[in-house]
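In what follows, a single structure is set out as structure tokens and then discussed.
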Amino acid sequence: MSVNKELKHEFDAAPWKGKTKRYDFIKEGVIALVFVMVLTIGLSVLMGSPDEKPLTFKGWAVSNSDNFYVTAVQELAGTSGTATYGAPYNKASDGLNIGPLWLQKWVGVTRPIDSVNDFVINPLSTQVLSSDIASALATWNAAADAQKQAWATAYDDAITKVEGKLSSVPAGAYGPVPALAKGLTDMAKAGALDAALLSQGGFFQTDNTKQILFFGDGAYLDDAGTAANLQGGTWGMMNETGRYPGQAWLWLYSFWYQIPPFNNEESKPIGANADAYIMALMGVLSLGLILIPVIPGVKSLPYKIPIHRGIWRQYYEAQGIKRRKK
Amino acid sequence: MSDMWTTKLRNKWQKNLPIEKLLPDDQPAYVASWIYVFGVLTLSALGVIIFSGIILAFEGPAWYHTSGAGKFVNSLHFWSVQLFFVFMVIHLWGKFWMAAWRGNRLATWVTGAVAFIASIATAFTGYLVQTNFDSQWISFEAKDGFNSVGVGAWFTVTNLGQMLLLHVAFLPLILGAITVVHVLMVRKRGVVPPIDAEPISLSEAKR
């Protein structure tokens, strides 16, 4: 450190010996608090706050019963988003990676979800069922795993082949799968699935993971997100429902999803693993924010762009201090 | 007696942060800009957030869906958070352009930046416990980011119970503690002098 820099550092660190003025902290604090309270109350009275009703499985099954039905079949066949997700729910895929770091896979399954039983069979088992659905359930429960998989896959493939047009699905060896999917659709329409998914036969429950994941497997939640302008590709992360400000402070996190290669899932390795890369990038940038005072170049910006001349204008003028040449 | 931990701590506190420093009635003449107000405005907004949050906590997370009073208190909570971030970001930018980490104030900057990040985490969990469509959507979307780097194995954004506890207990405790340390550091070191203010000896050396 040069002598000048050292002197300046000591000066900045030492208690102020120059001119002072009266400063009433308590008064300032009270005025600030009153100001913020008035502003908050004013905004609350004028604008209120957002509160869109949550979606329900009943709403989904009633408004788009075919989509719900197909999703139920996918849960049984193991082809839904949840069934093929990987950690922390299952081992169906390796998940995302950052180069050689397969963090998602390495942490393993800590929140196990079995889409067949958790989403379809267990909820159905809690109900008093009509004879045909009860019989289908009994047939399913008595069958070997390979048989169950064969039925569900055959039906899922048949639906995919006719692009989801259920009335066009040809007859086939689908076993009890169509009846089970119909049973679950009827259960959802009656409003019984929401609670059954949450409780899973228990009493106290505070974990909505299974409901949320099942929701996400179909089109209902996604369509609602699009309608509310909440999709990640359109800055949705920092938006709020209605005409309210959202988490604007997430703008930088959201920003990366708008630009290549992050916004192109086909782009490997970054776009295909955008979630992981963006999380890592934000981790590095957050660390950068914390360490700004020691980052060369960035720490010099306040000297190079003299906004401080405006902040301390009164003092500089009173003291006749010109801008220092660094 | 001087070997007592209590005495040592008290002496250290009195030496570093006597009451005159903690609650001064004067400030350097250069403390004359609107930018200085945003620190105390941030603290005031935090006060309103905590107050409205405590009322919401007593009534439970679903209260505001069905009660007019609940909706109003929820609105207070919502808008005070919005104001809190506006004030804090202005405060942060102000301190950046003042290079306010000068003169052994690095730790003050670091605690402030950590408080900003902790605030984002706290607000994020708040959005997850709204128990409305927005929290359904955010939890479904956000899980992928956390899962992709392994964090989702423990920090489960779709688990309302976990998010609620983190939002009303753990994170406010962390944020509150960092804020207290940050404010004490500001008081201990004092407000950073202007960038171009020069020590007399330096002015003389230049002549």
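The numbers here are math on the coordinates, done by the rules we state, and not lab data. None of the values given here were measured: they were computed from a predicted structure. Note: ideal-geometry Cβ built from the backbone for every residue, glycine included; neighbour counts use all protein chains shown.
As an exercise, identify the trypsin sites (Lys or Arg not before Pro) in the range A:48-127 lying in DSSP coil whose Cβ has no more than 13 other Cβ atoms within 10 Å. Intermediate results must be reported in sequence, preceding the final value.
Working: sites: A:Lys58, A:Lys91, A:Lys105; in loops: A:Lys91.
Answer in residue order: A:Lys91.
So, in Å, what gap is there between the alpha-carbon centers of the range B:135-149 and the range A:100-125?
Value for the Cα centre distance between the two parts: 15 Å.
Using a Gaussian network model of chain A with C-alpha springs under 10 Å, which one of A:Thr40, A:Thr71, A:Thr234 is most mobile by mean-square fluctuation?
A:Thr40
Taking the square root of 5 times each eigenvalue of the Cα gyration tensor, what semi-axes in Å does the equivalent ellipsoid of the range A:240-290 have, largest first? Please report the intermediate quantities before stating the final value.
Numbers: eigenvalues 97, 58, 10 Å².
Output for the range A:240-290: semi-axes of 22, 17, 7 Å.
Which one of A:Ser130, A:Ser267, A:Ser115 has the biggest mean-square fluctuation once chain A is modelled by GNM with Cα springs under 10 Å?
For chain A, modelled as a Gaussian network with Cα springs under 10 Å, the answer is A:Ser130.
For the pair A:Ser131 and A:Thr84, what calculated FRET efficiency results from E = 1/(1 + (r/R0)^6), where r is the Cβ-Cβ distance and R0 = 41 Å, to the nearest 0.05?
On the way: r = 34 Å, r/R0 = 0.82.
It comes to 0.75.
Mind listing the long-range amide H neighbours of B:Asp26? Cut-off is under 5 Å, sequence gap 5 or more, other chains count too, H placed in the peptide plane at 1.01 Å from N.
For B:Asp26, the qualifying residues are A:Tyr23.
Per DSSP H run of at least 4 residues, take -39500 (n - 2.57); add these up for chain B, divide by its residues and hand me the 222 nm value, nearest 500 deg cm²/dmol. Intermediate values should be presented prior to the final figure.
Values: 10 runs with 144 residues, N = 207.
-22500 deg cm²/dmol, from helical runs alone.
Could you tell me the relative contact order of chain A? Use alpha-carbon pairs under 8 Å, at least six residues apart, and round to a whole percent.
On the way: 313 pairs, mean separation 50.4, N = 326.
15 percent.
Based on the Cβ-Cβ distance of B:Ile120 and A:Arg324, what FRET efficiency does E = 1/(1 + (r/R0)^6) give at R0 = 22 Å, to the nearest 0.05? Intermediate results must be reported in sequence, preceding the final value.
On the way: r = 35 Å, r/R0 = 1.61.
My answer for the efficiency is 0.05.
Through the Karplus equation 6.51 cos²θ - 1.76 cosθ + 1.60, θ set to phi - 60°, convert the phi angles of the range A:140-155 into ³J(HN,Hα) values in whole Hz; use x for Gly and Pro.
4, 5, 7, 7, 6, 4, 4, 5, 4, 4, 5, 4, 5, 5, 4, 5
Rounded to whole Å, give me the distance from the Cα center of the range B:15-72 to that of the range A:206-282.
31
Can you work out ³J(HN,Hα) from phi for every residue in the range B:60-73, in order, using Karplus 6.51 cos²θ - 1.76 cosθ + 1.60 and θ = phi - 60°, giving whole Hz and x for Gly and Pro?
Per residue, the Karplus-derived 3J(HN,Hα) values read x, x, 9, 3, 5, 6, 10, 10, x, 5, x, 4, 5, 5 Hz.
How large is the helix-only mean residue ellipticity at 222 nm for chain A, computed as the sum of -39500 (n - 2.57) over DSSP H runs with n ≥ 4, divided by its residue count, in deg cm²/dmol to the nearest 500? Present the calculation step by step, with values, prior to reporting the outcome.
Values: 17 runs with 167 residues, N = 326.
One gets -15000 deg cm²/dmol as the mean residue ellipticity at 222 nm.
How far is it, in nm, from the label point at A:Ala154 to the one at A:Thr20 when both lie 7 Å from their Cα along the line to the Cβ?
That separation, rounded to one decimal, is 8.9 nm.
Can you compute 3J(HN,Hα) from phi for each residue in the range A:22-38, using the Karplus curve 6.51 cos²θ - 1.76 cosθ + 1.60 with θ = phi - 60°, rounded to whole Hz and x for Gly and Pro?
Each residue's phi maps through the Karplus curve to give 4, 8, 9, 4, 5, 4, 4, x, 5, 5, 4, 5, 5, 4, 5, 5, 5 Hz.
Name the residues whose placed amide hydrogens come within less than 5 Å of the amide hydrogen of A:Ile98, ignoring near sequence neighbours (fewer than 5 apart) on the same chain.
Result for A:Ile98 returns A:Leu103.
Residues with amide H under 5 Å of A:Thr20's amide H, sequence separation 5 or more or different chain, H placed in the peptide plane at 1.01 Å from N; which?
When sequence neighbours closer than 5 places are left aside, the close amide H contacts are B:Ala29.
On the principal axes of its Cα set, how long, how wide and how thick is chain B? Give whole Å, largest value first.
Principal-axis extents of the Cα atoms in chain B, largest first: 69, 48, 40 Å.
Any chance you could run the full-extension gain for B:Thr7 through B:Ala177? It's 0.36 nm times the residue separation minus the Cα-Cα distance, nm to one decimal.
Contour length minus the Cα-Cα distance gives 58.9 nm.
For the range A:240-290, what's the relative contact order in percent, using C-alpha pairs closer than 8 Å and at least 6 residues apart?
Numbers: 28 pairs, mean separation 10.5, N = 51.
Once divided by the residue count of the range A:240-290, the mean separation gives 21 percent.
Using a Gaussian network model of chain A whose springs link C-alpha atoms within less than 10 Å, name the residue from A:Gly297, A:Gly310, A:Gly242 with the highest mean-square fluctuation.
Of the options given, A:Gly310 has the highest mean-square fluctuation.
For the protein assembly as shown, what mean projected area does the convex hull of the alpha carbons give, in nm²?
Numbers: hull surface 129.0 nm².
Directional mean of the projected Cα hull area for the protein assembly as shown stands at 32.2 nm².
Using Cα-only point scatterers and the Debye equation, what is log10 of I(q)/I(0) for the range B:32-98 at each q in 0.12, 0.13, 0.17, 0.25 Å⁻¹, rounded to two decimals?
Taking Cα atoms of the range B:32-98 as identical point scatterers yields -0.38, -0.43, -0.61, -0.95.
Can you put B:Ile138, A:Ile292, B:Ile174, A:Ile26 in order of Cβ neighbours within 10 angstrom, beginning with the fewest?
Working: B:Ile138 23, A:Ile292 19, B:Ile174 16, A:Ile26 9.
If I rank by nearby Cβ atoms, fewest first, I get A:Ile26, B:Ile174, A:Ile292, B:Ile138.
Around A:Gln247, what is the net charge, scoring Lys/Arg as +1 and Asp/Glu as -1 over all other residues with Cβ under 14 Å from its Cβ? Show your work: numbers first, answer last.
Numbers: positive: none; negative: A:Glu240, B:Asp134, B:Glu141.
Local net charge: -3.
Which is the longest part of chain A that has none of the GluC sites (Glu not before Pro) sitting in a DSSP loop with at most 11 other Cβ atoms within 10 Å? Before the final figure, lay out the partial values.
On the way: sites that count: A:Glu163, A:Glu265, A:Glu266.
Of all site-free stretches, the longest is A:1-162.
Ranking B:Ser67, B:Ser80 by Cβ neighbours within 10 Å, fewest first, what do you get?
Fewest to most other Cβ atoms nearby, the residues stand as B:Ser67, B:Ser80.
Which shape class, rounded, prolate or oblate, goes with the range B:99-192 when its Cα gyration tensor gives a ≥ b ≥ c as root eigenvalues, a/c under 1.5 marks rounded, and past that a/b bigger than b/c marks prolate?
Numbers: a/c = 3.16, a/b = 2.41, b/c = 1.31.
In terms of gyration-tensor shape, prolate.
Can you tell me, using C-alpha contacts under 8 Å and at least 6 residues apart, the relative contact order of chain B as a whole percent? Display every interim value, and only then the final one.
Details: 155 pairs, mean separation 49.7, N = 207.
Rounded, it is 24 percent for chain B.
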